[in-house]
Amino acid sequence: MSKVPIALTIAGSDSGGGAGIQADLRTFAFHCVHGMSAITCVTAQNTLGVTRVEAMSPAAVAAQIEAVMSDIGANAAKTGMLLNREIIETVAEQVEKWQLKQLVIDPVMVSRTGAQLIDDDAIASLRDKLIPKALIVTPNRYEAQLLSGLEINTLEDMKAAAQMVHKLGAGVVLVKGGGMMGEWRGVDVWFDGEHWETLTTETVDTSNTHGTGCTLSAAIAANLALGKDLWLAVEQAKNYVTTALKYALDIGRGTGPVGHFFPLRLEKNS
């Protein structure tokens, strides 16, 4: 294993560059972590939305993971959009084969607006086959509702959902509050089976929030690759996303992405 910290993202491609593997690799880079990728699907999308999605074959997904893990290895990995049951089961097999213990699962099932992105069979596979292998799983409000079967409107609801998701086998559950309303907006709930914690940062007033979930999970994986413990990895990842939101990119005619490369912008303007 190289002394250079290395992280792997297993996710979809966002042609608009704001989320998916593009966001993940950019996040890895600005943590000085070498990023590798296994693409699960290709999307045609921009700031206005997604117009086309094409899945990679399960064999192609497996081959990408095999190629990088057999030669380079990884200190940490994360998953994003896995799209269908066959891909999810393939990824679960590869996680087991390569013993990817520092695995961050962003269970991309529902958008921040509540639109379901994958079918029920895929959700069942994610719940049964992959989440039990996670060091940490990071569902948003709507994903936590699907995984737990509970309606989430309050902090207590978030805690109850985190407890239910934890029973699926993940080491830690982080229910994200970006989709919450009022005082709970942006408040995340951590549950490790014994301890509860809430993570709160300042609220950033911007409509350009595309890629926040991908960026958070990628930043957690990057910090794990750097050798940080999980709590610190999560805490620093949340701070990174908050700052990236402050420097979000006002591009296109819809929802722009967070500003992953804000360190360079700060340096340039200093």
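The values are calculated or read from the model by the stated rules, or taken from the named source; none is laboratory data. Keep in mind the model is a prediction, meaning the values are calculated, not measured. We place every Cβ from the backbone using ideal geometry, glycine too, and count neighbours over all the protein chains shown. Each accessible area value is taken on the protein alone, full model and side chains, heavy atoms only, with ligands, DNA and RNA left out. Shrake-Rupley method; radii C 1.70, N 1.55, O 1.52, S 1.80 Å.
Here I88 passes the criteria (1) in a loop (DSSP other than H, G, I, E, B); (2) out of contact with any Asp or Glu (no Cβ under 7 Å at 6 or more places or on another chain) except the one numbered (1). Considering G114, G186, G169, the condition of being in a loop (DSSP other than H, G, I, E, B), within 16 Å of the chain's Cα centre (by Cα) and either at pLDDT below 95 or surrounded by fewer than 17 Cβ atoms within 10 Å (Cβ to Cβ) (or both) is satisfied by G186 alone. For the range 229-238, the tally of residues that are surrounded by 17 or more Cβ atoms within 10 Å (Cβ to Cβ) and more than 15 Å from the chain's Cα centre (by Cα) stands at 0. One residue alone among A74, A60, A7 is over 17 Å from L117 (Cβ atoms), free of Cβ contacts under 8 Å to residues at least 40 places away in the same chain and not aromatic (F, W, Y), and that residue is A60.
Working only within the range 239-262, note down all residues that are buried (at least 20 other Cβ atoms within 10 Å of the Cβ) and assigned to a helix (DSSP H, G or I). Residues satisfying the conditions are Y240, V241, A244, L245.
M81 fulfils the conditions (1) surrounded by 22 or more Cβ atoms within 10 Å (Cβ to Cβ); (2) assigned to a loop (DSSP other than H, G, I, E, B); (3) free of Cβ contacts under 8 Å to residues at least 60 places away in the same chain except for a single criterion, (3).
A quick yes/no check of all residues on (1) assigned to a helix (DSSP H, G or I); (2) touching a strand residue (DSSP E or B) at 6+ places or on another chain (Cβ under 9 Å); (3) of a type in the set (V, I, T):
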position	(1), (2), (3)
A59	yes, no, no
I65	yes, yes, yes
V68	yes, yes, yes
G73	no, yes, no
A77	no, yes, no
A92	yes, no, no
Q99	no, no, no
P107	no, yes, no
S125	yes, no, no
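The strands (runs of 3 or more DSSP E) found entirely in the range 2-55 that carry 3 or more residues being open to solvent by less than 30 Å² (accessible area, probe 1.4 Å) are 6-14, 34-46.
Here D120 qualifies as open to solvent by 10 Å² or more (accessible area, probe 1.4 Å) and over 30 Å from V4 (Cα atoms). Scanning the range 42-61 for residues that are under 20 Å from the mean Cα position of the chain (by Cα) and closer than 17 Å to L8 by Cβ turns up M56, V61.
In the set (1) closer than 15 Å to A38 by Cα; (2) under 15 Å from the mean Cα position of the chain (by Cα), the condition left unmet by E93 is number (2).
Take the conditions (1) surrounded by fewer than 23 Cβ atoms within 10 Å (Cβ to Cβ); (2) within 20 Å of M81 (Cβ to Cβ); (3) not acidic (D, E); R265 misses just one of them, which is (2).
Answer with yes or no whether T203 is closer than 17 Å to A144 by Cβ, open to solvent by 10 Å² or more (accessible area, probe 1.4 Å) and polar (S, T, N, Q). So T203 fails the test. Within the range 135-157, being outside any helix (DSSP H, G or I), under 12 Å from V189 (Cβ atoms) and free of Cβ contacts under 8 Å to residues at least 40 places away in the same chain holds for P139, I152, T154.
Residues that are farther than 22 Å from G211 by Cβ, surrounded by 19 or more Cβ atoms within 10 Å (Cβ to Cβ) and of a type in the set (K, R) within the range 133-166 comprise just one, K133.
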